[in-house]
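Peer 1: Just passing along the structure, written as structure tokens.
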Amino acid sequence: MAMQAESMAHLVTADELLGFPATGYARLARDCAVEVVSPGNRAGELLAKVGQWLDAGMTPVWVVDPARAKASIYRDGGEVTIVAADGRLDGAPVLPTFTCSLDDVLH
């Protein structure tokens, strides 16, 4: 799956960036993705991005919305979990024992 290089930069290590194209598309996928919603983001664009990541095999995909103090966890198969500010994010299935407080992420 091809994704814009600028969109993928936060998903790779510094060493991997050495051979990463400065513009255009990168042909790689990670196990999971995190998107932090910005004020200018539109819901349709975010959902399209989530769909691209899931199609590329990334799961889970976290979409963290600081303005609304919530997050959505998307997984393969259409599963979506909404996490309130006092809830916990989890990394299943790729990081099955990982959890963290959404409140810690937001602050």
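Any read-out appearing in this document is the output of simple, stated calculations on the displayed coordinates, not a laboratory observation. Given the structure is predicted, the values throughout are model-derived calculations rather than measurements. A quick note on method: Cβ atoms are made from the backbone with ideal geometry, for glycine too, and the neighbour counts reach across all protein chains shown.
Peer 1: Can you compute the radius of gyration and Dmax for region 31-106, using only the Cα atoms, both in Å?
Peer 2: Every Cα atom of region 31-106 included, Rg and Dmax give 11.7, 34 Å.
Peer 1: Could you check the simple spin-label distance between Arg42 and Asp86, using points 7 Å along Cα→Cβ, in nm with one decimal?
Peer 2: Result for the modelled spin labels: 3.6 nm.
Peer 1: If you place +1 on the Cβ of every Lys and Arg and -1 on the Cβ of every Asp and Glu, how big does the dipole about the Cα centre of region 31-106 come out, in debye to the nearest 20?
Peer 2: Dipole of region 31-106, to the nearest 20 debye: 180 debye.
Peer 1: Same structure again: Once fully extended, how much extra length lies between Cys100 and Ala69, figured as 0.36 nm per residue of separation less the alpha-carbon to alpha-carbon distance?
Peer 2: 9.7 nm
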